[in-house]
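To start, the structure itself, in structure tokens.
The values are calculated or read from the model by the stated rules, or taken from the named source; none is laboratory data. Being a predicted model, the structure only gives us computed values, none of them experimental. Note that we place each Cβ from the backbone using ideal geometry, even for glycine, and neighbour counts take in every protein chain shown. What goes into the accessible areas is simple: the full protein's heavy atoms, side chains included, and nothing from ligands, DNA or RNA. Shrake-Rupley method; radii C 1.70, N 1.55, O 1.52, S 1.80 Å.
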Amino acid sequence: MQIEDVELAGFVKITSKDALLVIDMQNDFLPGGALPVADGDQIIPGINNLTDRFHQTENPIVFTQDWHPIGHHSFASTHPGKNPYDPLEAQGIGPVLWPDHCVQGTHGANFVPGLQAAKATLILRKGFHKSIDSYSAFLENDRTTETGLATFLQTLGIERVFICGLALDYCVYFTAIDAKEFGFDVVVVLDQTKAVNTPEGSVSNTLKNMTEKKIIFITSDKILG
Ligand code: VGL
Ligand code: ZN
């Protein structure tokens, strides 16, 4: 399944039970960054429009930051003889190793230029346990450690989340799957996300899984209209 094959929903009306999740819009994921996502910079204006839309009506807006300590186990540099993007499946890590990225407090971990973090209700950091990665904004990769986001959103009466940001086949994907698992309706804003597609096929696999789990896809013009 490719991005062009995804069935898109029509116009959706935002209500007080909707939240916006902006995933990992950080310098290291832009072209030229440590773990570049092709065209990642192109979604900044659209994400700013979505942020404005949810901010206008005082809907919750959550920005996430991948936030790794030096020597994080997801980094190839932590494993002697391994290179970035080499396969490695371990408890809480994988399916591939990454270049060092989004190290706590570094420029690469900062939000991308122009992003409106001032409009965020909550800035949620994840991936700060040295031996567990966290692609999802809800559950770390051991699949049991919670970030607290589900409870946060439930406490605010949120029933549906709109997800955008980077990367479609990792942090957006796992966030979407877990949001559904925690009982939220899930809408992925497909034109405001870009993929890593490593290993080859990860975009098609993740799109297929999201479709099977009844995750809704839309383009941002259907929200803003
Ligand atoms: C991500 C790989 C490693 C992401 C984070 O934000 O999608 N991908 N860390
Ligand atoms: Zn990471």
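Restricting everything to alpha-carbon atoms, can you work out Rg to Rh for the range 33-74 with a Kirkwood hydrodynamic radius?
Working: Rg = 14.5 Å, Rh = 13.0 Å.
Ratio of gyration radius to Kirkwood radius: 1.11.
Can you tell me the dipole magnitude for the range 69-153 around its Cα centre, using point charges on the Cβ only (Lys, Arg +1; Asp, Glu -1), in Debye to the nearest 20?
Numbers: 6 positive and 7 negative charges, 54 e Å.
Its charge dipole is roughly 260 debye.
Rg (Å, one decimal) plus Dmax (Å, integer) for the alpha carbons of the range 98-184?
When restricted to the Cα atoms of the range 98-184, Rg and Dmax are 13.4, 38 Å.
Run the accessible area of the range 1-122 with a 1.4 Å probe and give the carbon-and-sulfur part as a rounded percent. Before the final figure, lay out the partial values.
On the way: 2970 of 5650 Å².
Looking at the range 1-122 in its full context, I get 53 percent from C and S.
Looking at the chain, which longest stretch skips every one of the GluC sites (Glu not before Pro) that is in a DSSP loop with at most 11 other Cβ atoms within 10 Å, leaving the sites themselves out? Kindly include the intermediate steps, with their values, before the conclusion.
Details: sites that count: GLU7, GLU58, GLU89, GLU200.
The longest such stretch corresponds to 90-199.
Taking the Cα centre of the chain as origin and charging only Cβ (+1 Lys, Arg; -1 Asp, Glu), how large is the dipole, in debye to the nearest 20? List each step's numbers first, then the result.
Values: 16 positive and 27 negative charges, 94 e Å.
Rounded to the nearest 20 debye, it is 460 debye.
Amide H to amide H, which residues 5 or more places from GLY165 or on other chains are under 5 Å from it, using H placed in the peptide plane?
ILE23, THR193, LYS194
What does the accessible area per residue of the range 45-161 come to in Å², with a 1.4 Å probe and no ligands, DNA or RNA counted?
Working: 5240 Å² over 117 residues.
Accessible area per residue: 45 Å².
So what are the radius of gyration and Dmax for the Cα set of the chain, in Å?
16.3, 52
Place +1 on the Cβ of every Lys and Arg and -1 on the Cβ of every Asp and Glu in the range 3-224, take the dipole about the Cα centre, and give the residue among SER74, VAL6, LEU50 whose Cα lies farthest towards its positive end.
Positive-end residue among those listed: LEU50.
DSSP beta bridges in the range 3-224, what fraction antiparallel, as a percent rounded to 5? Present the calculation step by step, with values, prior to reporting the outcome.
Values: 4 of 29 bridges.
Taking every DSSP beta bridge with both residues in the range 3-224, the antiparallel ones total about 15 percent.
Which value at 222 nm does the chain reach when only helices count, each DSSP H run of 4 or more adding -39,500 (n - 2.57), with the total divided by all residues and rounded to the nearest 500 deg cm²/dmol? Could the numbers behind the result be given before it?
Values: 5 runs with 44 residues, N = 225.
So the helix-based figure for the chain works out to -5500 deg cm²/dmol.
Give the dimensionless ratio obtained when the Cα radius of gyration of the range 77-125 is divided by 2.2 N^0.38 Å.
1.54
With charges only on Cβ, +1 for K and R and -1 for D and E, what is the dipole size of the range 1-133 about its Cα centre, in debye, rounded to 20?
Values: 8 positive and 15 negative charges, 107 e Å.
Dipole magnitude for the range 1-133 comes out near 520 debye.
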